[in-house]
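J.: First the structure, which I've put down as structure tokens, then a few questions once you've had a look.
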Amino acid sequence: MSFRIIVDTREQAEYTFDCPVMRRKLDAGDYSVQGYEHRVAVERKSLADFVHTVIHDFDRFAVELDKLAGMEAASIVVEADLDAVLRGQYVETLRTVAPAAILGIATHIGVRWRVPVFWCGSRQAARAFTNAFLRTFVRQLAHAGGQLHG
């Protein structure tokens, strides 16, 4: 089977990749790999979406995090630079949320659900990270003879 990235049908700001891509509804995350949809996923967030979701819609997001936590490999990529966030250099409409609160929630997600939040700095970097994360999972799975355990 060739490497094919699956993009969730609800993903509105789809990344482009240098490999085949298929749009299909995913149970969790925005990106996965064909044949491994229940084993690996990446959830993509712009900074505005991340902050809105974790501040105003956390109960719904916690359901998504529960699904991601059940996978062998899952992550959240944020298209923002954490250093800039902590210095308060982010979208004006988010200024009502303290930078420390954003970091605290991201850290809470990583500790509570064991789903790391990666601050990728930009959309381009987040796309590259997503590609590398998915490819690394498949490569590690092949080296482990098809069995990975968290």
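Computed from the coordinates by the stated procedures, all read-outs in this text should not be read as laboratory data. Only a predicted model underlies this, so the values are computations on that prediction, with no experimental measurement involved. In this analysis, Cβ positions are derived from the backbone assuming ideal geometry, glycine residues included, and neighbour counts consider all displayed protein chains.
J.: Tyr36 passes all but one of (1) surrounded by fewer than 17 Cβ atoms within 10 Å (Cβ to Cβ); (2) among the aromatic types (Phe, Trp, Tyr); (3) under 16 Å from Asp8 (Cα atoms); which number fails?
T.: (1)
J.: Let me ask something else about it. Report yes if Ala69 is surrounded by fewer than 18 Cβ atoms within 10 Å (Cβ to Cβ), aliphatic (A, V, I, L, M), under 18 Å from Arg112 (Cα atoms) and touching a residue at least 12 places away in the same chain (Cβ under 8 Å), otherwise no. Give the derivation first.
T.: Details: surrounded by fewer than 18 Cβ atoms within 10 Å (Cβ to Cβ): yes; aliphatic (A, V, I, L, M): yes; under 18 Å from Arg112 (Cα atoms): yes; touching a residue at least 12 places away in the same chain (Cβ under 8 Å): yes.
In short, yes.
J.: Out of the residues in region 1-18 that are of a type outside the set (A, V, I, L, M) and touching a helix residue (DSSP H, G or I) at 6+ places or on another chain (Cβ under 7 Å), which is nearest to Asn131 (Cα to Cα)?
T.: Of everything passing the filter in region 1-18, Phe17 is nearest to Asn131 (Cα to Cα).
J.: Separate question: Applying the selection to region 20-30, what residues are in contact (Cβ under 8 Å) with a residue 40 or more places away in the chain and hydrophobic (A, V, I, L, M, F, W, C)?
T.: Ala28
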